[in-house]
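The values are calculated or read from the model by the stated rules, or taken from the named source; none is laboratory data. A quick note: this is a predicted structure, and the numbers were derived from the prediction, not measured. Virtual Cβ from ideal backbone geometry, glycine too; neighbours counted across all protein chains shown.
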Amino acid sequence: MDEAFFSSYPDVEADTALLAKLQSLKLVVFDVDGVLTDGRLLYTEQGETIKRFNVKDGVAMKLLPKWDVQVAVITAKDSAPLRQRMKELKVEHFYPGCHNKAEAFGELIGRLGIEPEEAAYVGDDVIDLQVMPKVGVALCPADAHILLQRHCPIILSKAAGEGVAREVADMVLASRMSLEQAYELAQKPEFEK
């Protein structure tokens, strides 16, 4: 465990049951708008949606599977920019345009052969409450809706679109090893391929 990292999260560090849950995670599921993006939707004159992603989240989403933690994205929205970003990040478990997130989550953990307690879910709005009570660890951005904050043992320091996935990945990895060790893989040239 990276104790220096968790000194910034004294409530998490003091909760040994929560740390044990972070250590046992096999899957992290992310919402998109309000988590991986700042939640704003920009439209061109042609009606195309423009989304802004944080590059730091991309490193996180590529690094977690290297340490045997699967990454999934379940989102109510669908767009060409979103599909492009998920393709770039090689997100294998991608559920766009999903309005029944609990059903998608159930199908995903069934396919992966894991228990709900071995999953974390990161969401920002009330639709995410379909899944959050079912998982081992629920997390939300600093600016998530108040109802989400009431259901999350971990409210992140980052706001939507400001590196939420990176903070989550750092937390998961730091519960298992030093971040220096975790990021050795990201320093290799083949990581970006």
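Descriptive notes on the structure:
- Residue in region 102-118 that is under 15 Å from Val35 (Cα atoms), modelled with pLDDT of 95 or more and touching a strand residue (DSSP E or B) at 6+ places or on another chain (Cβ under 8 Å) present: no
- Region 28-51 residues that are closer than 25 Å to Gly136 by Cβ, paired with ones that are of a type in the set (S, T, N, Q) and surrounded by 24 or more Cβ atoms within 10 Å (Cβ to Cβ) (beta carbon under 9 Å, 6 or more apart): Phe30/Thr75; Asp31/Thr75; Val32/Thr75; Asp33/Thr75; Val35/Thr75; Leu36/Thr75
- In this entry, Lys134 passes the filter for residues that are more than 13 Å from the chain's Cα centre (by Cα) and under 20 Å from Ser24 (Cβ atoms).
- Single condition Glu162 does not satisfy, out of (1) surrounded by fewer than 19 Cβ atoms within 10 Å (Cβ to Cβ); (2) part of a loop (DSSP other than H, G, I, E, B); (3) touching a helix residue (DSSP H, G or I) at 6+ places or on another chain (Cβ under 8 Å); (4) not β-branched (Val, Ile, Thr): (3)
- Subset of region 41-77 that is acidic (Asp, Glu) and at negative phi - its residue that is surrounded by the fewest Cβ atoms within 10 Å (Cβ to Cβ): Glu45
- Long-range neighbours under 8 Å by Cβ, at least six apart or interchain, first residue in contact (Cβ under 8 Å) with a residue 40 or more places away in the chain and of a type in the set (Ser, Thr, Tyr) within region 1-26, second crowded, with 17+ Cβ neighbours inside 10 Å and outside any loop (DSSP other than H, G, I, E, B): Tyr9/Ile154; Tyr9/Met171; Ser24/Glu118
- Residues being within 27 Å of Glu115 (Cβ to Cβ) and not hydrophobic (A, V, I, L, M, F, W, C) - total across region 35-64: 2
- Leu19 satisfies every condition listed in (1) surrounded by fewer than 17 Cβ atoms within 10 Å (Cβ to Cβ); (2) more than 16 Å from the chain's Cα centre (by Cα) except (1).
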